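Remarks on the structure that follows.
The values are calculated or read from the model by the stated rules, or taken from the named source; none is laboratory data. Source: prediction; values computed, not measured. Methodologically, a virtual Cβ is constructed for each residue, glycine included, from the backbone with ideal geometry; neighbour enumeration extends over all protein chains shown.
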Amino acid sequence: MSKRPLFGVGFLLLIFTVMLILSLTFLYLGYIRYLNETADSMTYLVTGAFGALLATYGIMQMRRKTAYLHLLDYNIVTTTECQKCGFKSLRKFERGDYVFKPADKCPKCNEAMMIASIHSEERSRKGLL
Amino acid sequence: MLFFMVFFLFYNRIQVALWLRDIAGALNRLKVMRDDARRVALTTINEIGKPKEDVTQRVDRFLEYFEISPVNLDPAGIILKLEHLINVRDERFKDEVKMMAPASDEAQTHNLENLLEATWALNTIYRVVRHFYLFGKKTMSFYIIMQLQMLLPIILQEAEAFSGALNAFANGQPIGDGAGALVAAKLMHNYEKVEVAKDVVMAEVPLDGRKLLVLKAEGPGGNVGRPGDGVKALLDKNEGKVSMVVMIDAALKFEGEKTGEISEGIGAAIGGEGVDRYKIEEVATKYKVPVNALIIKESIQEAISPMKKEIFQAADEAITRIRRILAERTKEGDLVIVAGIGNTIGIAQ
């Protein structure tokens, strides 16, 4: 038999909100009693403060966290290099590129160039789910 | 006061509800990653492989693939059983990919294999997390739910790493794990290569008066080869008259360490199931050849994501380190085996 969680999220939020209201009421009553120099004012103030802290913590936990997926967007750079004169050229990666693949001719000395490196430059962004 | 007492009594239940909510969110993210991976795999297979029929069902079948590890109650001979299992798996994967993508060449087949393995990994992570989530919810077991919630950051980190690797595998871009293969490729470039083991190439490279036998997996397809067989073949061929073996591999860094940092040590620097490491240790012990290791540090995400600039640049630093090791520990005329370990996707030789 499948058991369901005893408390749903909406119900928990209701409990914490009621708890916060009650705690604030206790704090207010405690303050009034303190002004009137009533003996039990400290009990009201401590209970109110403790309850308010607890309820705030609960609500903070309940806050709907926006589901973000940490997507990494890579900018892949292909560097072609001339073996003879050392001329380098950078371009975006294209499917089929690989390190040491022969590339176009060097615009400076007309020798055959080759792909000397393929590496990524990471750009982090967040994608909303 | 009664209200607070009730709150404390049900605190565990409230905590479980909050954890389940966290897990449900993570599960949703894992599902998105899994579906995205499946979409990328199908698109790439259709683009590259030009299948004659719809491959969706075949891909879905592949994603549910499993393998049963050899029984380890009697561990004697388990390595041979494991090796046999890996060989069968590799052949099976290759056949599956060939049937899905008949128009792909050798390198593309390897890349598609890698892509499907990453998709399979994401599907498996999703299924396992879903299993424990539903099981925890069903039994309301505090400890199952707590453990799963606490492991979530590590699970999500690994899943995001696989997710980031998809495009690299689909397009054949070098990945961080290929750092060792890149070092070997830089050393052996412009020298004649011969195949010394399945998917492993070797070149004789003169360096600083020594003769290096440099080996790596055959690229540029996504391939790790059988470096264990390669090292064994070279040591046997030279009857153990080798001054040392130097292995270069990418290794996981600790938090706080810099990507691309290099560390030196001893032992067979190679991951995987352990078959290759076993073979290298066996043959090195047989001929009493010292095995030196160089590792290039990177995170798990960096290992299977497109190769970062820092890792690419670390390859040159690794070559400098190799030259220093050769100068300090070998004499001119010595024979040294240099093995570049890792996935050679996007790296030729």
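Some notes on this structure:
- Residue B:181 being closer than 15 Å to residue B:342 by Cα, at pLDDT 95 or above, of a type outside the set (S, T, N, Q) and not assigned by TED's automatic domain parsing to the domain that holds residue B:44: yes
- Residues of region B:282-307 that turn out to be small (Gly, Ala, Ser), buried (at least 22 other Cβ atoms within 10 Å of the Cβ) and either closer than 18 Å to residue B:254 by Cα or not assigned by TED's automatic domain parsing to the domain that holds residue B:246 (or both), as a count: 2
- Among all residues of region B:60-73, there is none that is among the hydroxyl-bearing types (Ser, Thr, Tyr) and part of a helix (DSSP H, G or I).
- If you check B:29, B:21 for being of a type in the set (Lys, Arg), in a helix (DSSP H, G or I), within 14 Å of chain A (Cβ to nearest Cβ) and free of Cβ contacts under 8 Å to residues at least 12 places away in the same chain, only one passes: B:21.
- Scoring residue B:278 on the criteria (1) crowded, with 19+ Cβ neighbours inside 10 Å; (2) touching a residue at least 60 places away in the same chain (Cβ under 8 Å); (3) not basic (Lys, Arg) leaves a single failure, condition (1).
- Residue match in region B:199-210 (condition: in a strand (DSSP E or B) and either without any contact (Cβ under 8 Å) to a residue 12 or more places away in the chain or under 19 Å from residue A:120 (Cβ atoms) (or both)): yes
- Single unsatisfied condition, residue B:138 versus (1) among the charged types (D, E, K, R); (2) in contact (Cβ under 8 Å) with a residue 12 or more places away in the chain; (3) part of a helix (DSSP H, G or I): (2)
- Scanning region B:205-217 for residues that are out of contact with any helix residue (DSSP H, G or I) (no Cβ under 9 Å at 6 or more places or on another chain) and within 25 Å of residue A:101 (Cα to Cα) returns a single hit, B:206.
- The C-beta contact set for region B:299-319 (first residue β-branched (Val, Ile, Thr), second residue not in a helix (DSSP H, G or I), distance under 8 angstrom, 6+ apart or interchain) comprises B:300/B:252; B:304/B:175; B:311/A:119; B:311/B:250; B:311/B:259; B:311/B:260; B:311/B:296; B:311/B:298.
- Some residue of region B:93-109 being in a helix (DSSP H, G or I), closer than 20 Å to residue B:198 by Cα and of a type in the set (Lys, Arg): yes
- First in region B:79-95 and outside the structural domain of residue B:115 (by TED's automatic domain parsing) and within 22 Å of residue B:115 (Cα to Cα), second anywhere and modelled with pLDDT under 95 and surrounded by 12 or more Cβ atoms within 10 Å (Cβ to Cβ), Cβ under 6 Å, 6 or more apart: none
- Filtered by the rule that a residue be within 12 Å of chain B (Cβ to nearest Cβ) and loosely packed, with under 12 Cβ neighbours inside 10 Å, region A:97-122 gives a lone residue, A:102.
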